[in-house]
Amino acid sequence: MQPHNSKWNFGAVSRFIHHSYLILFFSAIALILYEQTIPAGDVSFVNLHSGIGVLSLLLLTIRLIWIKKSGKPNALGTPMQKFSANFSYALLVGTMIAMPLSGLALTMAKARDVDVFGIFTIPGFAERNSSLIELSSFVHEYLSYFTYALLLGHIGATLFHHFIIKDATITRMFGSAK
């Protein structure tokens, strides 16, 4: 398999990044759901969640640089489906930027450092900032619902292309399209 993308298929690097992002996204969700079941004051799972958020932002940066260098396959389908694919891709990238940034702002506004798996630390603010806590908490929470809806739409569209339209959309990312 080629490392670079072509007009028709995603290369090995794009596939690796896509699948890694999938793992990070579901890990972040699992951690924050589990965190809600443990006693208040234990922030260990929140710290892991925050580290995953920072890591996902770094991975997205790599992904965007890679796409700039390697390009990405053309969208498949009718002109409306191609527009929808490109528009939803832009929305997904926007949420992949806004989610970790809003979470980072929330943690920092609580005057807490963000430890990224012991590799490096992003220092929190010297004092709590209640206004920023309120704003970033609101953005992070409601943007998460929007992100879930986008992700379900992304998966649904992929399955629609695979099972109903029967084109190569899913095999371009998970297998070898012809």
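The values are calculated or read from the model by the stated rules, or taken from the named source; none is laboratory data. Everything numeric in this text was worked out from a predicted model, so none of it was measured. For neighbour counting, all protein chains shown are included, and Cβ atoms are generated from backbone atoms with ideal geometry for every residue, glycine included. Please note that ligands, DNA and RNA were not included when accessible areas were found on the heavy atoms of the full protein model with its side chains. Shrake-Rupley method; radii C 1.70, N 1.55, O 1.52, S 1.80 Å.
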Please indicate, with yes or no, whether at least one residue in the stretch 140-162 is among the hydroxyl-bearing types (Ser, Thr, Tyr), under 28 Å from residue 12 (Cβ atoms) and at pLDDT below 95. yes
Can you find a residue in the stretch 161-174 that is loosely packed, with under 12 Cβ neighbours inside 10 Å, within 19 Å of the chain's Cα centre (by Cα) and of a type in the set (Lys, Arg)? no
Determine which single condition residue 5 fails, assuming it passes every other condition in (1) part of a helix (DSSP H, G or I); (2) at pLDDT 90 or above; (3) open to solvent by less than 30 Å² (accessible area, probe 1.4 Å). (1)
Just to check your reading of the model, which residue among 126, 111, 105 is farther than 19 Å from residue 19 by Cα and touching a helix residue (DSSP H, G or I) at 6+ places or on another chain (Cβ under 7 Å)? 105
Count, please, the residues in the stretch 38-65 that happen to be open to solvent by 30 Å² or more (accessible area, probe 1.4 Å), part of a helix (DSSP H, G or I) and of a type in the set (Gly, Ala, Ser). 1
Quick one: in the stretch 94-136, of everything that is assigned to a helix (DSSP H, G or I) and open to solvent by 80 Å² or more (accessible area, probe 1.4 Å), which residue is nearest to residue 61 (Cα to Cα)? 101
Could you grab me the full set of residues in the stretch 66-87 that are of a type outside the set (S, T, N, Q) and open to solvent by 50 Å² or more (accessible area, probe 1.4 Å)? 68, 69, 72, 79, 80, 82, 83, 87
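Listed here are the residues, each with its yes/no results for (1) more than 14 Å from the chain's Cα centre (by Cα); (2) over 16 Å from residue 93 (Cβ atoms); (3) at pLDDT 90 or above.
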residue	(1), (2), (3)
21	no, no, yes
36	yes, yes, no
45	yes, yes, no
50	no, yes, yes
56	no, no, yes
61	no, no, yes
66	yes, no, yes
77	yes, yes, no
